[in-house]
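Participant: Before we start, here is the structure in question, set down as structure tokens.
The values are calculated or read from the model by the stated rules, or taken from the named source; none is laboratory data. This is a predicted model, so every value here is computed, not measured. Neighbour counts are summed over all protein chains in view; Cβ atoms, including those assigned to glycine, are modelled from backbone coordinates with ideal geometry.
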Amino acid sequence: MGRQIILNTSLYFSPTGTTRRIVKSVSAGLAMRPREFDLTLPSVRDKGLSLERDEVLSLAFPVYHGRLPILVKDFLLKLPNGKRPVVAMVVYGNRAYGDSLLELFDLCRAKGYEVVAAAAFVGEHSYSHVMGKGRPDPADEERARCFGLAARQTLLGDAYLTDKALLAKAKRPYRPYPQRLEFCPTTSRRCANCLTCVKLCPVGAFINGDPKNIDLERCILCAACVKFCPERAKSIGDDDFCDDMAALAAANLDRKEPQIFLP
């Protein structure tokens with residue numbers, strides 16, 4: 001007998017909006033009653049979450065340094081344990097998703113959840129307008145919808161994903177997180193003090209609400225403040241960083257396609 005699932009609860013972290021777009025398309029393919037939690041802002045994460053019976057969790061998160069964002073891990077570890085189906089997704093900037101999808105799989109299994117489908121999708125890189133430019137595009141969104149449809153079919157059965165296919169792309173122990181950021185977004189004289197960046201920051205990194213003063217210990221370099229500044233007053237890094245990013249972009253111009261993992 002297959003699983004009787006009627007509710008799709010989407011949990012995602014999406015500072016620049018790319019992961020959110022993938023989630024919307026996957027949810028369309030799953031075609032279940034939707035429940036959605038955008039975990040980007042602290043006000044939502046601080047509330048916690050109670051899970052319901054007869055639901056599938058759709059988990060989708062961006063990749064930072066080949067890993068899941070630490071704050072996402074902290075939130076997931078607080079979720080109730082128990083047998084529950086999960087559709088697991090990561091979104092990366094057309095370079096590599098590293099150990100992130102395996103890490104998400106392991107977190108789910110540690111909670112007692114069953115991963116019924118997993119995927120790595122491509123979005124525009126947070127630090128570059130060249131790597132993954134304009135993605136997810138309509139082709140990506142269609143692939144995401146089809147992935148949701150395939151996950152729905154898997155949910156109707158009793159199969160679930162193992163780590164075998166994921167281990168072909170990643171490894172344990174996972175790659176280490178950077179110990180400390182050496183740079184953060186900087187602000188030019190064009191800043192109009194509109195506070196858009198302060199309101200959108202997912203970790204409250206602006207000291208005393210000052211858009212020109214960022215706490216390097218808090219900043220996760222998600223680039224939301226850079227992407228959404230209406231005055232284009234923010235940028236990341238110094239000349240050396242920009243040179244490194246240009247070289248990285250030049251080496252990753254070929255279009256990478258979503259990777260899908262099904263039982």
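Participant: Residues of the stretch 1-48 being out of contact with any Lys or Arg (no Cβ under 8 Å at 6 or more places or on another chain) and of a type in the set (A, V, I, L, M, F, W, C), which ones?
Facilitator: MET1, ILE5, LEU11, PHE13, ILE22, VAL23, PHE37, LEU41, VAL44
Participant: Please find, among VAL226, VAL203, the residue that is of a type in the set (Val, Ile, Thr), within 21 Å of the chain's Cα centre (by Cα), not in a loop (DSSP other than H, G, I, E, B) and not assigned by TED's automatic domain parsing to the domain that holds HIS65. Break it down into steps so the answer makes sense when it comes.
Facilitator: On the way: VAL203 fails: not in a loop (DSSP other than H, G, I, E, B).
Selected residue: VAL226, the only one of VAL226, VAL203 that is of a type in the set (Val, Ile, Thr), within 21 Å of the chain's Cα centre (by Cα), not in a loop (DSSP other than H, G, I, E, B) and not assigned by TED's automatic domain parsing to the domain that holds HIS65.
Participant: Within the stretch 203-219, can you find the residues that are within 19 Å of PRO178 (Cβ to Cβ) and out of contact with any Cys (no Cβ under 6 Å at 6 or more places or on another chain)? Even if it seems obvious, please write down each step before you answer.
Facilitator: Of all residues in the stretch 203-219, those within 19 Å of PRO178 (Cβ to Cβ) come to 203, 205, 214-219.
Listed by number, the residues that qualify are VAL203, ASP215, GLU217, ARG218.
Participant: Another question, then. Output the strands (runs of 3 or more DSSP E) that fall wholly within the stretch 1-116 and possess 1 or more residues being crowded, with 20+ Cβ neighbours inside 10 Å, of a type in the set (S, T, N, Q) and at pLDDT 95 or above, or say none. Even if it seems obvious, please write down each step before you answer.
Facilitator: Details: elements: 7-12, 33-38, 55-62, 85-92.
In the stretch 1-116, the matching strands (runs of 3 or more DSSP E) lie at 7-12, 55-62.
Participant: Okay, next question. Do you know which of the residues in the stretch 164-200 that are part of a loop (DSSP other than H, G, I, E, B) and among the hydroxyl-bearing types (Ser, Thr, Tyr) is farthest from VAL44 (Cα to Cα)? Full working, then the answer.
Facilitator: Going through the stretch 164-200, the residues part of a loop (DSSP other than H, G, I, E, B) turn out to be 168-184, 188-195.
When the remaining residues are screened for being among the hydroxyl-bearing types (Ser, Thr, Tyr), the result is 174, 177, 188.
Details: TYR174: 28, TYR177: 25, SER188: 30 Å.
Looking at residues that are part of a loop (DSSP other than H, G, I, E, B) and among the hydroxyl-bearing types (Ser, Thr, Tyr), I get SER188.
Participant: If you scan the stretch 1-45, which residues turn out to be polar (S, T, N, Q) and out of contact with any helix residue (DSSP H, G or I) (no Cβ under 9 Å at 6 or more places or on another chain)? Give the steps one after another, and end with the answer.
Facilitator: Just the residues of the stretch 1-45 that are polar (S, T, N, Q), to begin with: 4, 8-10, 14, 16, 18-19, 25, 27, 40, 43.
Hits for the stretch 1-45 are GLN4, THR9, THR18, THR19, SER43.
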